[in-house]
Amino acid sequence: MSKLPAAIVGIGQTKHMSTRGDVSIAGLIREAALRALDDANMTWSDIDAVVIGKAPDFFEGVMMPELFLADALGAVGKPLLRVHTAGSVGGSTALVAASLVHSGIHERVLTVAFEKQSESEAMWALSMPMPFAPPTHAGAGGYFAPHIRSYMRRSGAPDHIGVLVALKDRLNACKNQYAHLHETDATFEKIADSVMLWDPIRYSETCPSSDGAAAMVITNEANANRGKLAPAWIHGSAMRSEPTMFAGRDVVSPRGSRECAADVFGQAGIVDRRAEIDVVEMYVPFSWYEPMWLESLGFAEEGKGWMMVEDGSTQMDGDLPVNPSGGVLSTNPIGASGMLRFAEAAMQVRGQAGEHQIDGARKALGHAYGGGAQFFAMWVVGADKPA
Amino acid sequence: MRDVAIVSFAQSKHVRAQTDSNEVEMLMPVVREALDNVGIGMDRVGFTCSGSTDYLSGQAFSFVMTLDSVGPWPPISESHVEMDGAWALYEAWVKLQIGEIDVALIYAYSKSSPGNVREVLTRQLDPYFVAPLWPDTIAMAGLQTRALLDSGTATPADLAAVAATARRNALANPYALLTGDASVEDLLAQPMLADPMHVWDCPPITDGCAAVVIAADDVARELSKNPAWIRGIDHRIESQALGLRDLTTSVSTATAGSKAGVSAGGFDFAELHAPFTAQELIARNSLGLDASVPINPSGGALSANPVMAAGLIRLGEAASRISRGEGNRAIATATSGPCLQQNLVCVLEGSA
């Protein structure tokens, strides 16, 4: 046995908003899935199996919602898998779907991820009690703020770097018709002056809470040219996990992140990461995670990621554009956020990103993380079939 | 397809309420035992996958903490399904098919004791039209049981025979929770819980967990003297809407069984994940198993039903029996959702 080629031939996503009160959960996922099927020139009957992912079931108050969604997903009579790996789940879900093709078990797999956060108050679901620790934080920002502070201290990064990332992503999002936030009037001053939520994280350096879904059709080589556009080929895929509570772990640049990156770039045959990757869709729910992940993913030397932000390298016209879609900072249906990164990376190499397209993108990284920065999912996609 | 086998299985002593340990503490010795059985550490495990549900833990992201039970340091390649552990095993089996790794660890767990599992499981239902009515698992199974009885394919005595056999078989299973030697007549003499359901039609509320190691080709032969080879594995789902289904049969079980190669027959026994007595008969008929095939020598889910692990345990029990030489070919199934909505079928075979 060897790993068979797999390609992304159809991509769809919903219009993301704080409340998609116009659709049910089923309506939301079908909006994304039907767009992906249309893009793939396929119908429900072409699909062999469905892989769905989302973050905690408490977000919508439905336990294992894939069971009641079987009809809406066109999955009746077919295999249906449900993935949940915390914030990285959208990425992991795509990787499980890809594995069904890489292994030769199925030819055409539909993968969907969603969150309808307006059904509940996600912030408290993200305020996990830590064993043997007093409950001192509310929301994921409270958990991650000390990690960011630690990065700032280590790297000596100036305070305004986070503001620059937020400004870039919010303005990029204005070029993405599906993005939740369209803050056309965003300025450096407005973001810098926004209220401090979890020092050093300001309100405008934080992701929104969104309703939304993403979907992709992943196929084997025989079906790779059925879509409306040329496919995006999967050049590498990797997942890593490490414990939440372990004194030996580095929360600023987790070993799982570095090893996952080494694995995925190794599979893709990439040696000079910054030179060979054309665009990155990175999981940045709080602005400071852009420089932190730039270093952890090996695009910048340790302590120097923030310089790439400051000199504009990660802008759409920089040498390594990061999150031209506007990223998680502009759209965050948690369970779908990772799949949106993976899908946006594939859209770039297929040349279908519209106004936020990076000209000539041939190779892209899709990245997601979750839990206490302890779950990682990544794929490298390319316009060319892997050698 | 690459040859992949179950080479190790371990489970907790199932109890009504595991009050002296949390999920991690419950899992750790079981994961350890599964690895020790084949003399390996986490360094030999290429992929880890688990199955559990936040709704029984009562906490979002509950699986994040239970990952501690495998000691994921250095970092591991790992995934989680919000499904019974049998589907975690399926995901791991897919990984092994790709051919890059040879060994995977699967675990699953739940504690039903802290809450009211009957009410919790109503949250699986359509949130717009069904869940607001809170129809619980026993009520839903009652509809299915009534449909089966009315179809004339089973009698109350047939249901009691399923329960009596499960309890008697469980006498030989040191991990089982509910055992006994009541006769069919004894059971039928008990009062109804709610027509047509007796208490003995229902599974015991259970806290417990299980772990399995699977391995490919020569690695499986190295780790086990008699690996239980996965000759076929498939899973299918049906609509959740009960009104759209014939509850007296299980189309998803039949389809998955057909894809897994059940029609070749020759089974020495079957481990069927059927939490209610009528469901065992329905699953058996849907797989085309004749009366000569013993069902659930372990006692099945009617003797111990740790939700999210009970399906994986059927696969593990079947594999252990094969590895011990107590049969060479078996069917094992897992189910999820109301009234057998989603089913996985696995055909296991020894080398004898």
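The values are calculated or read from the model by the stated rules, or taken from the named source; none is laboratory data. Computed from a predicted model, the values in this text were never measured in an experiment. Please note: Cβ atoms are built from the backbone with ideal geometry, for glycine as well, and neighbour counts cover all protein chains shown.
The set of residues in the range B:306-352 being touching a strand residue (DSSP E or B) at 6+ places or on another chain (Cβ under 6 Å) and either at pLDDT below 95 or among the basic types (K, R) (or both) consists of B:R314, B:R329. Just name the residue that is surrounded by the most Cβ atoms within 10 Å (Cβ to Cβ) out of those in the range B:19-42 that are of a type outside the set (A, V, I, L, M, F, W, C) and either in contact with a Ser or Thr (Cβ under 7 Å, 6 or more places away or on another chain) or within 14 Å of chain A (Cβ to nearest Cβ) (or both). Within the range B:19-42, the match that is surrounded by the most Cβ atoms within 10 Å (Cβ to Cβ) is B:E23. On the stretch given as the range B:114-140, residues that are assigned to a helix (DSSP H, G or I), more than 9 Å from every other protein chain (Cβ to nearest Cβ) and either surrounded by fewer than 19 Cβ atoms within 10 Å (Cβ to Cβ) or of a type in the set (A, V, I, L, M) (or both) total 8. Please determine whether any residue of the range A:42-61 is buried (at least 21 other Cβ atoms within 10 Å of the Cβ), under 19 Å from B:F63 (Cα atoms) and free of Cβ contacts under 8 Å to residues at least 60 places away in the same chain. Yes: one or more hits.
Of all residues in the range A:219-237, exactly one satisfies the criterion of being crowded, with 22+ Cβ neighbours inside 10 Å, within 14 Å of another protein chain (Cβ to nearest Cβ) and not hydroxyl-bearing (S, T, Y), namely A:I234. A search for C-beta distances below 9 Å between a residue of the range A:282-293 that is outside any loop (DSSP other than H, G, I, E, B) and any residue that is basic (K, R) and surrounded by fewer than 24 Cβ atoms within 10 Å (Cβ to Cβ), counting only pairs 6+ apart in sequence or on different chains, returns A:P291/A:K304. Restricting the first member to the range A:251-273 and to residues that are under 16 Å from A:K363 (Cβ atoms) and more than 11 Å from chain B (Cβ to nearest Cβ), and the second to residues that are of a type in the set (F, W, Y) and part of a loop (DSSP other than H, G, I, E, B), the beta-carbon pairs closer than 7 Å and six or more apart or on different chains are A:R273/A:F299. Here is the figure for the range B:260-294: residues that are assigned to a helix (DSSP H, G or I) and crowded, with 16+ Cβ neighbours inside 10 Å total 12. Taken over the range B:46-65, the residue count meeting the criterion of being of a type outside the set (F, W, Y), in contact with a helix residue (DSSP H, G or I) (Cβ under 7 Å, 6 or more places away or on another chain) and more than 22 Å from A:V62 (Cβ to Cβ) is 3. Of the residues that sit in the range B:220-259 and are in a helix (DSSP H, G or I) and touching a Leu at 6+ places or on another chain (Cβ under 8 Å), which one is farthest from B:V345 (Cα to Cα)? Ranking the candidates gives B:L242 first. The one condition from (1) at pLDDT 95 or above; (2) of a type outside the set (S, T, N, Q); (3) more than 20 Å from A:V101 (Cβ to Cβ) that B:A60 does not meet is (1). Each residue in the range B:43-83 was checked for being within 7 Å of chain A (Cβ to nearest Cβ), at positive phi and of a type outside the set (A, V, I, L, M, F, W, C), and 0 pass.
The set of residues in the range B:167-196 that are more than 30 Å from B:R321 (Cα to Cα), of a type outside the set (D, E, K, R) and in a helix (DSSP H, G or I) contains only B:L188. Among the residues of the range A:4-31, which ones are within 13 Å of chain B (Cβ to nearest Cβ) and in a loop (DSSP other than H, G, I, E, B)? Answer for the range A:4-31, where residues must be within 13 Å of chain B (Cβ to nearest Cβ) and in a loop (DSSP other than H, G, I, E, B): A:L4, A:P5, A:A6, A:V23, A:S24.
Filtered by the rule that a residue be of a type in the set (A, V, I, L, M), part of a loop (DSSP other than H, G, I, E, B) and over 11 Å from B:C49 (Cβ atoms), the range B:66-109 gives a lone residue, B:I101.
Quick check on my filter: what residues within the range B:96-113 are among the basic types (K, R) and either modelled with pLDDT under 95 or surrounded by fewer than 23 Cβ atoms within 10 Å (Cβ to Cβ) (or both)? Of everything in the range B:96-113, nothing turns out to be among the basic types (K, R) and either modelled with pLDDT under 95 or surrounded by fewer than 23 Cβ atoms within 10 Å (Cβ to Cβ) (or both).
From the list A:S150, A:S155, the lone residue that is polar (S, T, N, Q), at pLDDT 95 or above and out of contact with any Gly (no Cβ under 6 Å at 6 or more places or on another chain) is A:S150. Considering only residues that are more than 9 Å from every other protein chain (Cβ to nearest Cβ), part of a helix (DSSP H, G or I) and surrounded by fewer than 24 Cβ atoms within 10 Å (Cβ to Cβ), which ones fall in the range A:99-121? The answer is A:S118, and nothing else.
With a requirement of 2 or more residues that are touching a residue at least 40 places away in the same chain (Cβ under 8 Å) and either within 30 Å of A:A49 (Cβ to Cβ) or of a type in the set (S, T, Y) (or both), the helices (runs of 4 or more DSSP H) lying completely within the range A:124-224 that satisfy it span A:140-155. Is there a residue in the range B:44-64 that is part of a strand (DSSP E or B), crowded, with 23+ Cβ neighbours inside 10 Å, aromatic (F, W, Y) and out of contact with any Pro (no Cβ under 6 Å at 6 or more places or on another chain)? Yes: the range B:44-64 contains one or more residues that are part of a strand (DSSP E or B), crowded, with 23+ Cβ neighbours inside 10 Å, aromatic (F, W, Y) and out of contact with any Pro (no Cβ under 6 Å at 6 or more places or on another chain).
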